[in-house]
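Visitor: Right, I'll just put the structure down here and ask away after.
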Amino acid sequence: MGTVYGNDDSMDTADSTLRVGEFLVSIGAMTDADVARVLEEQTQRPYKLFGQIAIDLGLISDGAVDRYLEMKYPVAR
């Protein structure tokens, strides 16, 4: 990937166009190397979602994926 992401913890400023790996790097939950590892694993298990593979590998918790989904698909309160 090679892109440097800030560690802005605020979902208010999160870019909703980010892919899950980019978002997880931007919040400091994963590194670019972690993302590359998940993408490599995904070539072997294309039926698995990125987030599930990252959880299976112990790289993130399901809470990190929940944060991404909350940012991507905000629910009106």
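Visitor: Go through region 41-74 and give me each residue that's hydrophobic (A, V, I, L, M, F, W, C) and either loosely packed, with under 14 Cβ neighbours inside 10 Å or without any contact (Cβ under 8 Å) to a residue 40 or more places away in the chain (or both). Give the derivation first.
Guide: Applying the first criterion (hydrophobic (A, V, I, L, M, F, W, C)) to region 41-74 yields 49-50, 53-55, 57, 59-60, 64-65, 69, 71.
Answer for region 41-74, where residues must be hydrophobic (A, V, I, L, M, F, W, C) and either loosely packed, with under 14 Cβ neighbours inside 10 Å or without any contact (Cβ under 8 Å) to a residue 40 or more places away in the chain (or both): 49, 50, 53, 54, 55, 57, 59, 60, 69.
Visitor: Now for a separate question. If a residue must be of a type outside the set (D, E, K, R) and under 15 Å from residue 30 (Cα atoms), how many such residues does region 40-59 contain? So that I can check it myself, show each step before the final result.
Guide: Initially, region 40-59 is screened for residues of a type outside the set (D, E, K, R), giving 42-44, 46-47, 49-55, 57-59.
After this cut, where a residue has to be under 15 Å from residue 30 (Cα atoms) as well, the list is 50-55, 57-59.
Number of matching residues: 9.
The rows are residues; the columns are (1) in contact with a Gly (Cβ under 8 Å, 6 or more places away or on another chain); (2) part of a helix (DSSP H, G or I); (3) within 18 Å of residue 18 (Cα to Cα).
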position: 30; (1), (2), (3): yes, no, yes
position: 35; (1), (2), (3): yes, yes, yes
position: 47; (1), (2), (3): no, no, no
position: 67; (1), (2), (3): no, yes, yes
position: 71; (1), (2), (3): no, yes, yes
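Visitor: Filter region 16-40 for residues that are surrounded by fewer than 16 Cβ atoms within 10 Å (Cβ to Cβ) and of a type outside the set (Val, Ile, Thr); which is nearest to residue 72 (Cα to Cα)?
Guide: That would be 16.
Computed from the coordinates by the stated procedures, all read-outs in this text should not be read as laboratory data. In this text, all values refer to a predicted model and were calculated from it rather than measured experimentally. FYI the Cβ positions are ideal-geometry reconstructions off the backbone, even for glycines, and counts take in every protein chain you see.
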